[in-house]
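The values are calculated or read from the model by the stated rules, or taken from the named source; none is laboratory data. What you see is a predicted model, and the numbers here were worked out from it, not measured in a lab. No Cβ is skipped: glycine too gets one built from the backbone with ideal geometry, and neighbour counts run over all protein chains shown. Just the protein is used for accessible areas: all its heavy atoms, side chains included, with ligands, DNA and RNA removed. Shrake-Rupley method; radii C 1.70, N 1.55, O 1.52, S 1.80 Å.
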Amino acid sequence: DTEELLYTGNYHMSKDNVETVNSIYEEELKDFLPEKILDVHAHVWLDSLKIKDPTAPKRTVTWTRLVALDDPIEHLQETYELLFPGKDVSALFFANGEGDGNNNYVAQSSKMTGWPALYFSHPTETAEELEAHIRQGNFLGIKSYLSLSPKYIPGPEVRIFPGGFVGPVQQVGKHLIS
């Protein structure tokens, strides 16, 4: 006997699990949660747009690839609809890095949904490159991770951005650096 599985965004759940989750939501969460919800940390990506570099340092979390090879904007929207029925849920979202392809995908997804997005920056980009990318994609700001810093910089140090990048980023009218 195989159990029927329902697709919920990136995850597969049995009918019993979906019914349990829906019951808890209706009985305990629906009235507690606000009508409008903003998820301030969401990733979207397409694996086909990632740059595969086997020589890159493995200093990042990789379990997400075990959950979903792709995480398109449609899956994020569907997940919100399934988890928070009747609520107006949006996201501040960004790519998982690994090249301009997913940043372009995020920019297109932001335009399509009307949701704000961050440019996933890399410490090797110049201030001018950051400014150009933010303007081109109409990004709200930038997102980066310390794991992208060169190996010679110890983890606790926070000097991953090129000198002078804050000025041009602020001149674009964007002030969010996550």
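Scanning segment 106-120 turns up at least one residue that is buried (at least 17 other Cβ atoms within 10 Å of the Cβ), at pLDDT below 95 and over 30 Å from Val21 (Cβ atoms).
Figure legend. Inter-residue proximity from segment 142-163: first residues within 19 Å of Ala132 (Cβ to Cβ) and among the charged types (D, E, K, R), second residues at pLDDT below 60 and surrounded by 10 or more Cβ atoms within 10 Å (Cβ to Cβ), beta-carbon distance below 9 Å, spacing 6+ or different chains. Indicated pairs: Lys143/Leu176; Lys143/Ile177; Lys143/Ser178.
Restricting to segment 68-92, name every residue that is of a type in the set (S, T, N, Q) and touching a residue at least 60 places away in the same chain (Cβ under 8 Å). Outline the logic, then answer.
Start the filter on segment 68-92 by keeping residues that are of a type in the set (S, T, N, Q), which leaves 77, 79, 90.
The one that is of a type in the set (S, T, N, Q) and touching a residue at least 60 places away in the same chain (Cβ under 8 Å): Thr79.
From the list Glu74, Glu98, Glu131, exactly one residue is out of contact with any Lys or Arg (no Cβ under 6 Å at 6 or more places or on another chain) and modelled with pLDDT under 90. Which is it? Step by step, each of Glu74, Glu98, Glu131 is checked, and only Glu131 is out of contact with any Lys or Arg (no Cβ under 6 Å at 6 or more places or on another chain) and modelled with pLDDT under 90. The set of residues in segment 41-68 being at pLDDT 85 or above and surrounded by fewer than 13 Cβ atoms within 10 Å (Cβ to Cβ) consists of His41 alone.
Would you pick out the residues in segment 15-40 that are among the charged types (D, E, K, R), open to solvent by 90 Å² or more (accessible area, probe 1.4 Å) and at pLDDT 90 or above? Residues satisfying the conditions are Glu26, Glu27, Glu28, Asp31, Glu35, Lys36.
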